[in-house]
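Visitor: Quick one: structure below, then a few questions.
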Amino acid sequence: MKRLTATGDPSSPVELIEDDQPTPAADEVLIKVEAFSVNRGETFLLENPAPGLRPGKDVAGLVVQSASDGTGPAVGTRVVGHPDGGGWAEYATVPTHSLAVLPDTVGAVEAAALPLAGITALRLLRAAGPVTGSRLLLTGASGGVGHYLTELAANAGAEVTAVTATPERGQRLAELGATHVVTDLADARGPFDLVLESTGGPALPAALARLRPGGTLIWYGQASRTPVTLNFFDLFDGPEGASIRHFHYAGAPYRTDLETLVRLVDTGRLRPEVGRVADWADSATVLVDLRERRVRGKAVLTVGGR
């Protein structure tokens with residue numbers, strides 16, 4: 001089979017090579033990959049790739065070998081999966097607890113855009129607790145997680161203020177249910193009951209200052225790649241008794257969350273934001289564009305010309 005491997009060259013970060021098909025464990029299926037999506041964190045790993053790096057955590061395709069332990073879907077079933085890695089290839093193994101069956105109404109491209117970003121959004125909102133009637137501030141809202149959070153939180157009855165880089169990106173967030181869209185955090189009018197913060201750097205203390213007394217900030221990313229500095233004395237001008245919680249989405253099994261995401265897409269209550277669809281032969285170019293922020297929404301690569 002062919003798979004993508006990291007080159008360490010910033011101008012062309014991946015290349016296609018020949019490799020053996022992976023051998024599934026007893027609780028894994030082998031799928032023929034039809035599409036995979038790229039997460040921003042994976043682009044960071046390509047900057048200084050570790051030996052043997054095999055990216056690819058968001059895949060959709062067809063089961064060609066079922067799990068030998070009898071779990072999971074049969075051969076010929078269309079699925080979306082969230083493996084630990086190795087998805088940027090013609091064939092990939094996926095644990096049966098980390099995949100969901102796709103109905104005919106959900107295509108491989110939109111399914112491939114679901115796993116990491118969608119699971120993160122679902123689990124973040126569960127961690128936040130009931131949001132109906134809450135005033136919610138969302139930073140980094142134009143990313144993959146931000147789109148899902150906006151739509152899910154708005155549908156749950158939250159008043160969402162989304163912070164995004166440009167008015168153009170903000171227009172789509174408004175269509176997904178954001179009540180207010182700002183391009184500068186200074187323009188976000190609090191106080192807020194809940195902040196979901198993924199930018200880091202100066203954005204976190206600025207967002208923290210907009211919480212109501214007793215409010216909660218959940219920190220789930222640092223897209224700016226700039227560490228956060230908090231000034232004790234600045235907090236005298238902000239909320240009293242606010243909580244800061246760290247969040248990371250990971251922790252199998254993922255099947256139930258994937259099934260939920262697929263059901264929401266199938267019923268029209270969740271719309272994957274796919275910014276670019278390309279053949280995986282063009283992966284190097286797409287990855288450079290992602291790094292330079294020239295792709296809005298998820299980038300999905302189709303395998304084998306599909």
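The values are calculated or read from the model by the stated rules, or taken from the named source; none is laboratory data. In this text, all values refer to a predicted model and were calculated from it rather than measured experimentally. Ideal geometry is used to build each Cβ from the backbone, glycine not excepted, and the neighbour counts take in all protein chains shown. Accessible surface is based on the protein model in full, side chains and every heavy atom, while ligands, DNA and RNA are left aside. Shrake-Rupley method; radii C 1.70, N 1.55, O 1.52, S 1.80 Å.
Visitor: Take residues that are touching a residue at least 60 places away in the same chain (Cβ under 8 Å) and surrounded by 13 or more Cβ atoms within 10 Å (Cβ to Cβ) and tell me which of the strands (runs of 3 or more DSSP E) falling wholly in the stretch 243-304 contain 2 or more.
Guide: By residue number, 274-279, 298-302.
Visitor: Looking only at the stretch 202-229, count how many residues are farther than 20 Å from residue 187 by Cα and either part of a loop (DSSP other than H, G, I, E, B) or open to solvent by 70 Å² or more (accessible area, probe 1.4 Å) (or both).
Guide: So the count comes out to 9.
Visitor: State whether one or more residues within the stretch 176-198 are within 20 Å of residue 232 (Cβ to Cβ), surrounded by 18 or more Cβ atoms within 10 Å (Cβ to Cβ) and either of a type outside the set (D, E, K, R) or modelled with pLDDT of 95 or more (or both).
Guide: Yes, the stretch 176-198 contains at least one residue that is within 20 Å of residue 232 (Cβ to Cβ), surrounded by 18 or more Cβ atoms within 10 Å (Cβ to Cβ) and either of a type outside the set (D, E, K, R) or modelled with pLDDT of 95 or more (or both).
Visitor: Kindly indicate the residue of the stretch 101-145 that is open to solvent by less than 30 Å² (accessible area, probe 1.4 Å) and assigned to a strand (DSSP E or B) and also nearest to residue 57 (Cα to Cα) among those meeting that condition.
Guide: Filtering first and then ranking leaves 138.
Visitor: Does the stretch 60-91 hold any residues that are more than 16 Å from residue 252 (Cβ to Cβ) and either β-branched (Val, Ile, Thr) or not in a loop (DSSP other than H, G, I, E, B) (or both), and which are they?
Guide: Passing the criteria: 60, 61, 62, 63, 64, 65, 75, 77, 78, 89, 91.
Visitor: Still on this model: Would you be able to tell me the number of residues in the stretch 176-201 that are in a helix (DSSP H, G or I) and either under 22 Å from residue 148 (Cα atoms) or touching an Asp or Glu at 6+ places or on another chain (Cβ under 9 Å) (or both)?
Guide: Of the residues in the stretch 176-201, 1 are in a helix (DSSP H, G or I) and either under 22 Å from residue 148 (Cα atoms) or touching an Asp or Glu at 6+ places or on another chain (Cβ under 9 Å) (or both).
Visitor: Any residue at all in the stretch 52-72 that is more than 18 Å from residue 115 (Cβ to Cβ), without any contact (Cβ under 8 Å) to a residue 24 or more places away in the chain and surrounded by fewer than 17 Cβ atoms within 10 Å (Cβ to Cβ)?
Guide: Within the stretch 52-72, one or more residues are more than 18 Å from residue 115 (Cβ to Cβ), without any contact (Cβ under 8 Å) to a residue 24 or more places away in the chain and surrounded by fewer than 17 Cβ atoms within 10 Å (Cβ to Cβ).
Visitor: Among (1) open to solvent by 10 Å² or more (accessible area, probe 1.4 Å); (2) of a type outside the set (Lys, Arg); (3) assigned to a helix (DSSP H, G or I); (4) under 13 Å from residue 196 (Cα atoms), where does residue 149 come up short?
Guide: (1)
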